[in-house]
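Take a look at the structure below.
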Amino acid sequence: MRLSPNVNRLLTESALRTGRSKTQEALLRLTDHLNNFEDIASEGKRFLRNDD
């Protein structure tokens with residue numbers, strides 16, 4: 001997966017704050033997003049998962 005320089009920097013900073021590797025941080029964030037959002041139309045426009 002290729003990340004933009006800005007996203008790579010944000011991921012690196014997040015990983016450093018949490019003490020996780022960048023791979024662990026990316027996996028956790030991706031898993032969390034997929035579990036909480038059903039779809040994404042564009043950056044910043046997400047549709048919450050409705051698990052009712």
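None of the figures in this text is laboratory data; all of them are computed from the coordinates on show. No experiment lies behind these values; they were computed from the predicted model shown. Every residue, glycine among them, receives a Cβ derived from its backbone with ideal geometry; neighbour counts consider all protein chains shown.
Considering only residues in the stretch 1-43 that are exposed (fewer than 12 other Cβ atoms within 10 Å of the Cβ) and of a type in the set (Ser, Thr, Tyr), the one that is nearest to the chain's Cα centre (by Cα) turns out to be Thr31. Could you tell me whether any residue of the stretch 18-26 is among the hydrophobic types (A, V, I, L, M, F, W, C) and either touching a residue at least 40 places away in the same chain (Cβ under 8 Å) or touching a strand residue (DSSP E or B) at 6+ places or on another chain (Cβ under 6 Å) (or both)? Scanning the stretch 18-26, I find no residue that is among the hydrophobic types (A, V, I, L, M, F, W, C) and either touching a residue at least 40 places away in the same chain (Cβ under 8 Å) or touching a strand residue (DSSP E or B) at 6+ places or on another chain (Cβ under 6 Å) (or both), so the answer is no.
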